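First up is the structure itself, then whatever we jot down about it.
Throughout, read-outs are computed from the coordinates displayed, never taken from laboratory work. Note that the structure is predicted; figures quoted are calculated from it, not measured. Cβ: placed from backbone, ideal geometry, glycine included. Neighbour counts: every protein chain shown.
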Amino acid sequence: MKICVVGTGYVGLVTGACLADVGCQIVCIDQDQSKIDGLKKNVLPIYEPGLEEVVERAVSAGNLAFTTDLHSTVAESDAVFIAVGTPQGDDGRSDLSYVEAASRQIAEALSGSTTIIVKSTVPVGTCRRVARIVHHTNPDAESSVVSNPEFLREGVAVEDFMEPDRIVIGTQDDRARTVMNAIYSHFVDKGAPLVQTTLETSELIKYSANAFLATKVAFINEMANLCDSVGANVEDLSKAIGMDERIGPSFLKPGPGYGGSCFPKDTLALTIQAQESDCPVRIVESVVSSNSFHIRRLGKRIAEFCGDVWSSLGWNETSLDQKTIAVLGLAFKADTDDIRSAASTVILPLLQKQGARIVGYDPAAMDTAKAEMPGLETAESIEAAVSGADAVLILTEWNQFKSLDWARLLPTMNAPVVVDFRNLYPPNEMSTHGAHYASLGRPLADVA
Ligand code: UGA
């Protein structure tokens, strides 16, 4: 079976490369010539651990190729994945213009019987819309549209693809179901659960999964804030509630609010579609506002905590004005260069507005962060960022930040203030080093 993937972004590339790695014949298509030229030389347009090796292996095995030629590639294919972006539009809805354009182009090229698989995250009803576009553009084409959402986390996308918790296939067409079963046979044979359902259910499964996970994160962040207020410890709380099998331990780590290209966009899009269907999802609406409130609240907390510490050190000027804050971590989470809806993109401008000078460091996201925040200063190393700073702010849980030599770093700072919104260090250990340390939902420790 010949398969092509339209869109070599994060989802398309991981899907194409991983399917090719398990033996499918894949051609990845993109209209961006420079991306395709790069991919032909194994230069990936995204940072994703392990993906380069998969691409290299699949290309060497002769299973993976790249092209800009959509028309003839689609014409030769039995199955076509649509994996183009669905960014958030100005009105909060998903912008489906790339999906629609791809559908039209695919329709024009169809020949023979073809299964069109929508991998992009799309609101309920989109797959039927794609089918209508295809039919309208090429009434004679023999095709069937299937929903097949992805559940890939950035940073571990290859692992998530290769060992899926489940594969969801939305179609009521027997022929298309046979094609999908063939595409995923490697994974199903290895025991991956398969959920066969309707188009609408499949589309909604994707949004429900992300909304539920976002709810867990927003919930634990609210509990962390409450722990701070009442003197409780969120780590013990999270561990204890997670031991209940009905709750489960994952996605219960407090942080500076969920970000990335998926949770913020998908939760908002779900609330809008639900409102328009006259069936509002009040819990998800609360999650959306809880998350943005949480991030802004943390921005205020930095100024308050630093001001209190600087005052206790006898400084006359305790506002953020002209203070240097070293920020460790700009990406929305570890192991990615993605800063879309990252806490850094909200918190840093808030600090800058109060006059703070920000010096950021991130192992992968400095270029993307500088493109988004043009005034951002960056340092070449953790040491360079921290040296001379009036406070350090940790926003991303990169491994590199988890075992810093504070005994060496703190004396290089102008004041030993550490604000850690990923709870990477035991407060008492930081106290022992002489740090004034603030984290989320754990009893504050101060210099002994
Ligand atoms: C998320 C989902 O986890 C994937 O299953 C889904 O396929 C993907 O969206 C998508 O729709 O494409 P991703 O956005 O890569 O994946 O990131 P996550 O690892 O889920 O993290 C999302 C946010 O929640 C991050 O800002 C992270 O720091 C935060 N988070 C996560 C926490 O603050 N605490 C946690 O315990 C877990």
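Within the stretch 202-234, being surrounded by fewer than 22 Cβ atoms within 10 Å (Cβ to Cβ), within 18 Å of the chain's Cα centre (by Cα) and of a type in the set (Ser, Thr, Tyr) holds for Ser208, Thr215. The residues of the stretch 402-422 that are of a type in the set (S, T, N, Q) and under 30 Å from the mean Cα position of the chain (by Cα) amount to a single one, Ser403.
Suppose we keep only residues that are within 13 Å of the ligand (Cβ to nearest atom) and among the aliphatic types (A, V, I, L, M) within the stretch 238-261. Which one would you say is surrounded by the most Cβ atoms within 10 Å (Cβ to Cβ)? Looking at the filtered set, the residue picked out is Leu252. Taken over the stretch 224-234, the criterion of being touching a residue at least 60 places away in the same chain (Cβ under 8 Å) and more than 12 Å from the ligand (Cβ to nearest atom) is satisfied by Asn225, Leu226, Cys227, Asp228, Gly231, Ala232, Asn233.
Of the residues making up the stretch 162-181, those that are touching a residue at least 60 places away in the same chain (Cβ under 8 Å) and either farther than 30 Å from Glu56 by Cα or touching a strand residue (DSSP E or B) at 6+ places or on another chain (Cβ under 9 Å) (or both) are Arg175, Ala176, Val179, Met180. The criterion of at least 1 residues that are away from the ligand (no atom under 16 Å from the Cβ) and in contact with a strand residue (DSSP E or B) (Cβ under 6 Å, 6 or more places away or on another chain) is met by the following helices (runs of 4 or more DSSP H) wholly inside the stretch 353-427: 366-372, 382-386. Listed conditions (1) within 20 Å of Thr336 (Cβ to Cβ); (2) without any contact (Cβ under 8 Å) to a residue 40 or more places away in the chain; (3) not β-branched (Val, Ile, Thr) are all met by Gly89, apart from (1). Determine if the stretch 244-253 includes at least one residue that is under 25 Å from Gly125 (Cα atoms) and among the charged types (D, E, K, R). Within the stretch 244-253, none of the residues are under 25 Å from Gly125 (Cα atoms) and among the charged types (D, E, K, R).
Restricting attention to the stretch 196-218 and to residues that are touching a residue at least 60 places away in the same chain (Cβ under 8 Å) and over 30 Å from Thr178 (Cβ atoms), the residue that is nearest to the ligand (Cβ to nearest atom) turns out to be Val217.
Is it the case that the stretch 321-336 has a residue that's under 24 Å from the mean Cα position of the chain (by Cα), in a loop (DSSP other than H, G, I, E, B) and among the acidic types (Asp, Glu)? Yes, the stretch 321-336 contains at least one residue that is under 24 Å from the mean Cα position of the chain (by Cα), in a loop (DSSP other than H, G, I, E, B) and among the acidic types (Asp, Glu). Answer yes or no: is there a residue in the stretch 75-84 that is charged (D, E, K, R), surrounded by fewer than 19 Cβ atoms within 10 Å (Cβ to Cβ) and more than 19 Å from Ile183 (Cβ to Cβ). No: zero hits.
Considering Glu159, Glu100, the condition of being surrounded by fewer than 23 Cβ atoms within 10 Å (Cβ to Cβ) and either within 15 Å of the ligand (Cβ to nearest atom) or in contact (Cβ under 8 Å) with a residue 40 or more places away in the chain (or both) is satisfied by Glu159 alone.
For (1) touching an Asp or Glu at 6+ places or on another chain (Cβ under 8 Å); (2) within 16 Å of the ligand (Cβ to nearest atom); (3) under 23 Å from Glu200 (Cα atoms), each residue gets a yes or a no:
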{"position": "Gly89", "(1), (2), (3)": "yes, no, yes"}
{"position": "Thr114", "(1), (2), (3)": "yes, no, yes"}
{"position": "Ser120", "(1), (2), (3)": "no, yes, yes"}
{"position": "Asp140", "(1), (2), (3)": "no, no, no"}
{"position": "Ser144", "(1), (2), (3)": "yes, no, yes"}
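Filtering the stretch 378-401 to residues that are surrounded by fewer than 13 Cβ atoms within 10 Å (Cβ to Cβ), more than 21 Å from the chain's Cα centre (by Cα) and on the phi < 0 side of the Ramachandran plot leaves Glu380, Ser381. Scanning the stretch 359-382 for residues that are small (Gly, Ala, Ser) and closer than 20 Å to Leu320 by Cβ gives Gly360, Ala369, Gly375, Ala379. The set of residues from the stretch 186-201 being part of a helix (DSSP H, G or I), under 19 Å from Thr121 (Cα atoms) and among the hydrophobic types (A, V, I, L, M, F, W, C) comprises just one member, Leu199. Checking each residue in the stretch 416-438 for being buried (at least 18 other Cβ atoms within 10 Å of the Cβ) and over 17 Å from Trp398 (Cα atoms) picks out Pro416, Val417, Pro427, Met430, His433, Ala435, His436, Tyr437, Ala438. Quick check, is Pro264 within 18 Å of the chain's Cα centre (by Cα), buried (at least 20 other Cβ atoms within 10 Å of the Cβ), part of a helix (DSSP H, G or I) and touching a residue at least 60 places away in the same chain (Cβ under 8 Å)? Considered against the rule, which asks whether it is within 18 Å of the chain's Cα centre (by Cα), buried (at least 20 other Cβ atoms within 10 Å of the Cβ), part of a helix (DSSP H, G or I) and touching a residue at least 60 places away in the same chain (Cβ under 8 Å), Pro264 comes out as yes. Scanning the stretch 165-185 for residues that are under 24 Å from the mean Cα position of the chain (by Cα), crowded, with 20+ Cβ neighbours inside 10 Å and either within 12 Å of the ligand (Cβ to nearest atom) or part of a helix (DSSP H, G or I) (or both) yields a single hit, Val168.
Please go through the stretch 337-347 and pick out each residue that is more than 8 Å from the ligand (Cβ to nearest atom) and not in a loop (DSSP other than H, G, I, E, B). If the condition is that a residue be more than 8 Å from the ligand (Cβ to nearest atom) and not in a loop (DSSP other than H, G, I, E, B), then Ser344, Thr345, Val346, Ile347 are the ones that fit. Here His294 meets the list (1) assigned to a helix (DSSP H, G or I); (2) touching a residue at least 60 places away in the same chain (Cβ under 8 Å); (3) more than 19 Å from the chain's Cα centre (by Cα) almost entirely, failing just condition (3).
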